[in-house]
Each structure stands twice: as structure tokens, then as C-alpha cells.
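For reference, the structure discussed in these notes is given below.
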Amino acid sequence: MQAKHEKLALRLTDILVQLNSGNRLSAKELAEKYQVSLKTIKRDLKERLIELPWKEEGPEYFAIDIKQMH
């Protein structure tokens, strides 16, 4: 069984990979996929990944401006 911090690290890594691939992410779908609350996903996106160059920042969909990443 994975520790709580390992699950968090894997979830954030997967979210970053999806965002860097140019995907527009649904907070609700992410919550379902990772079996966490919508509040947890929004905390991940709005607090833990706050430094990303957001192009779309909720309340339901999230996407980054890939051009600013390079």
C-alpha cells in the first residue's frame, strides 16, 4: 500500500504530464480518476501547482499556457 505522500506525488506528476501535453483538464474528472474529493484536486491545482502559467484556471477546467513553459 502506498503512503499518502506517495499518492500525492504520483497524482501531481500525472497531472503535470497531462498539462504539459496541452490537455485541458476537468477538475471533476480528475477527482473521479484519483478517487479524491473535488476540493483536494482544486487544492492541488490552485495551491500546490500555483506557479504554473495558467491559461484557464477553473472553476471547472484547467489548462496551462505551454508557450510560457519554454
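Ligands, DNA and RNA left out, the accessible area of the chain computed with a 1.4 Å probe is 51% carbon and sulfur.
A crude spin-label estimate for the pair Arg48 and Met69, with each label 7 Å from Cα along the Cβ direction, gives 1.7 nm.
What pairs in Lys7/Lys39; Lys4/Lys55; Lys7/Lys55; Lys33/Lys55; Lys42/Lys67; Lys33/Lys67 have C-alpha atoms more than 20 Å from each other? Where the Cα-Cα span goes over 20 Å, the pairs concerned are Lys4/Lys55; Lys7/Lys55; Lys33/Lys55; Lys42/Lys67; Lys33/Lys67.
Compute the label zone of Asn20 within the stretch 49-63: residues whose backbone N is under 16 Å from the point 7 Å along Cα-to-Cβ. The answer is 49-54. Between amide H atoms placed 1.01 Å from N, distances below 5 Å from Lys55 occur with Ala63, Ile64, Asp65, all of them 5 or more places distant or on a separate chain. As a rough guide to protection, the peptides 50-61, 17-28 ranked by mean Cβ packing within 10 Å, highest first, stand as 17-28, 50-61.
Diagonalising the gyration tensor over the Cα atoms of the chain and scaling each eigenvalue by 5 before taking the square root yields semi-axes of 20, 13, 10 Å, largest first.
Could you give the size of the charge dipole of the chain about its Cα centre, using +1 on the Cβ of each K and R and -1 on the Cβ of each D and E, expressed in debye and rounded to the nearest 20? Let's see the in-between values first.
On the way: 13 positive and 11 negative charges, 34 e Å.
Using only the charged Cβ atoms, the result is roughly 160 debye.
Per residue, the chain exposes 71 Å² of accessible surface when a 1.4 Å probe is rolled over the protein heavy atoms with every protein chain present.
Sum -39500 (n - 2.57) across every DSSP H segment of at least 4 residues in the chain, then divide by the residue count to get the 222 nm mean residue ellipticity, nearest 500. Intermediate values should be presented prior to the final figure.
Details: 3 runs with 31 residues, N = 70.
Estimated from H runs of four or more residues: -13000 deg cm²/dmol.
With respect to the chain, whose longest principal axis is taken over its alpha-carbon atoms, helix 4-20 is tilted by about 20°.
The values are calculated or read from the model by the stated rules, or taken from the named source; none is laboratory data. This is a predicted model, so every value here is computed, not measured. For neighbour counting, all protein chains shown are included, and Cβ atoms are generated from backbone atoms with ideal geometry for every residue, glycine included. Heads up: the accessible areas ignore ligands, DNA and RNA and are worked out on the full protein's heavy atoms, side chains in. Shrake-Rupley method; radii C 1.70, N 1.55, O 1.52, S 1.80 Å.
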